[in-house]
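Below: the structure, in structure tokens.
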Amino acid sequence: MHTGISDRRRAQLAEQVDRTVHETPVFDIHTHLYDPAFGPLLLYGIDDLLTYHYLVAEVFRYSSLPYADFWRLPKKEQADHIWEHLFVRHSPISEACRGVLTTLQSFGLEVGPRELPRIRQWYAEQTPEAFVNLCFETANLRQVCMTNSPFDPLERPLWEKGFTRDERFVGGLRIDPVLLDWPNVVPQLQDDDDAIQSELNQETFDGIRRFLEKWTQILKAHYLMVSLPPSFQYPDKGPITQILDRAVLPHCREHHLPLALMIGVKRAVNPALQLAGDGMGRSDLQALESLCQAHPSNSFLCTVLARENQHELCVIARKFPNLHVFGCWWFTNIPELINEMTRLRLELLGLSVTPQHSDARVLDQVIYKWRHSRQIIASVLTEKYVDLEGTGWTVSQEEIQRDVQSLLGGEFERFCNQTGFP
């Protein structure tokens, strides 16, 4: 009878899993990055790292500078202010601060001396093309999925003009205004299709589908996506249900595209913080369950923002094979919750999940987000293999490689390519 494994075998498993997780290239399935052809829209560098909205929100825990005065500062001075308060006057132990330091360390930069001008000088010596390659190599990425909005006045003209694409950056079509801001979005939709009217009738639904088809093709979108508030309900008597049922989901079925739902964000809880002012809330996931049940031929990706919703999300996914759980989003992207959520998902859903995405808005962030997450994924997976071998089941290196490839993008690709569900 097998009741455990030797310390030597445990150590061997840990080494095999850790090496495999770190050496396997990842498909980062959701980011806010841009193809390098978009120029300044692709954020990178120390000042963008320091003025990321996670750190902006944190600095006002210490700084008495009025919000309006902070926003009037040039980006470099905003970064100086954040560096002074979060890295010099206080130890940078939050995950957002630690992430900056992990990134700089990965580039071989000394962080101990706290010399921000020297760090800026190193970044100034990098060329954009070489820096993109450096980040992909350091983070060991094979592809990233962007968040692309045809409603963005800076982004849209570049797509319409056309450009030579970097195949490492794949498209994702964001449709928030279509679902969440009807009928105010109608004038923008009419720029593409003047048949679309405020009245939700068949002609309008057909026009929305033509709009979605046009932008799916332009972006070569891997999926459609929307961020939803905790109050999201389905079905309801408002426009969201009608547009989903009669335009968005038929389009997704026709083109075999998942709809990604990111549920739980409360916009502008503190408007004075601008992008940093969004919050979160516990969601009613009955809406998600109802969507999966009502549309069994559609595929859904889902990540939820509240810790309290994670268990229910996994249980719903156990009941509906057309639902794929992914990532630790935003406020859950901290080691404590990544560890907890990864364990929960593997124990309830096995390997049929994508445990992480970076959600990176600044290119450099892919380095720390994946380095930190890989450490946790490797630790949890090692523990599960130890448990398996304690039953007498043996795990080969080939099986470890297969499983890790699945968790780091392979299962997502399999799910997206699936054309039918039971």
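Quick notes on this structure:
- Residue list for region 164-179, restricted to those being under 20 Å from Asp359 (Cα atoms) and assigned to a loop (DSSP other than H, G, I, E, B): Asp166, Glu167, Arg168, Ile175
To keep it simple, each residue is scored yes or no on (1) more than 28 Å from Val248 (Cα to Cα); (2) touching a helix residue (DSSP H, G or I) at 6+ places or on another chain (Cβ under 7 Å).
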residue: Cys135; (1), (2): yes, yes
residue: Ala139; (1), (2): yes, yes
residue: Asp152; (1), (2): no, no
residue: Glu155; (1), (2): no, yes
residue: Thr164; (1), (2): yes, yes
residue: Arg174; (1), (2): no, no
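- Test: residue in region 186-206 that is farther than 30 Å from Val132 by Cα, aromatic (Phe, Trp, Tyr) and more than 21 Å from the chain's Cα centre (by Cα): yes
- In region 35-90, residue farthest from Arg118 (Cα to Cα) [restricted to those that are within 24 Å of the chain's Cα centre (by Cα) and of a type in the set (D, E, K, R)]: Asp35
- Given (1) in contact with a Leu (Cβ under 7 Å, 6 or more places away or on another chain); (2) surrounded by fewer than 16 Cβ atoms within 10 Å (Cβ to Cβ); (3) not small (Gly, Ala, Ser), index of the condition Asn298 fails: (2)
- Restricting region 190-206 to residues that are touching a helix residue (DSSP H, G or I) at 6+ places or on another chain (Cβ under 6 Å) and either part of a strand (DSSP E or B) or not charged (D, E, K, R) (or both) leaves a set whose member that is surrounded by the fewest Cβ atoms within 10 Å (Cβ to Cβ) is Ser198.
- Residues that are in a loop (DSSP other than H, G, I, E, B) and within 28 Å of Pro187 (Cα to Cα), drawn from region 113-163: Met146, Thr147, Ser149, Pro150, Phe151, Asp152, Pro153, Leu154, Glu155, Gly162, Phe163
- Selected residue [out of contact with any Gly (no Cβ under 9 Å at 6 or more places or on another chain), more than 29 Å from Gly264 (Cβ to Cβ) and either touching a residue at least 24 places away in the same chain (Cβ under 8 Å) or not in a loop (DSSP other than H, G, I, E, B) (or both)] from Pro187, Pro183, Pro235: Pro187
- Matching residues in region 71-126 - criterion: being modelled with pLDDT under 95 and of a type in the set (Val, Ile, Thr): Val111
- For the condition in a helix (DSSP H, G or I), surrounded by 15 or more Cβ atoms within 10 Å (Cβ to Cβ) and within 24 Å of the chain's Cα centre (by Cα), Leu275 does not qualify.
- The one condition from (1) out of contact with any Lys or Arg (no Cβ under 8 Å at 6 or more places or on another chain); (2) surrounded by fewer than 17 Cβ atoms within 10 Å (Cβ to Cβ); (3) more than 26 Å from Phe27 (Cα to Cα) that Phe211 does not meet is (2).
- So Thr241, is it more than 25 Å from His32 (Cα to Cα), at pLDDT 95 or above and either of a type in the set (Lys, Arg) or buried (at least 18 other Cβ atoms within 10 Å of the Cβ) (or both): yes
- Any chance Val395 is over 30 Å from Leu104 (Cβ atoms), buried (at least 16 other Cβ atoms within 10 Å of the Cβ), more than 21 Å from the chain's Cα centre (by Cα) and among the aliphatic types (A, V, I, L, M): yes
- Residue count for region 177-189 satisfying the condition of being under 24 Å from Ile263 (Cβ atoms) and exposed (fewer than 13 other Cβ atoms within 10 Å of the Cβ): 1.
- Region 20-64, subset in contact with a helix residue (DSSP H, G or I) (Cβ under 7 Å, 6 or more places away or on another chain), without any contact (Cβ under 8 Å) to a residue 60 or more places away in the chain and assigned to a loop (DSSP other than H, G, I, E, B), residue surrounded by the fewest Cβ atoms within 10 Å (Cβ to Cβ): Tyr62
- On inspection, Ala130 does not qualify as among the small types (Gly, Ala, Ser) and closer than 16 Å to Leu55 by Cα.
- Candidate set: region 65-98, residues that are in contact with a Lys or Arg (Cβ under 7 Å, 6 or more places away or on another chain) and in contact (Cβ under 8 Å) with a residue 24 or more places away in the chain; chosen: the one nearest to Asn270 (Cα to Cα): Phe87
The values are calculated or read from the model by the stated rules, or taken from the named source; none is laboratory data. In this text, all values refer to a predicted model and were calculated from it rather than measured experimentally. Neighbour counts are summed over all protein chains in view; Cβ atoms, including those assigned to glycine, are modelled from backbone coordinates with ideal geometry.
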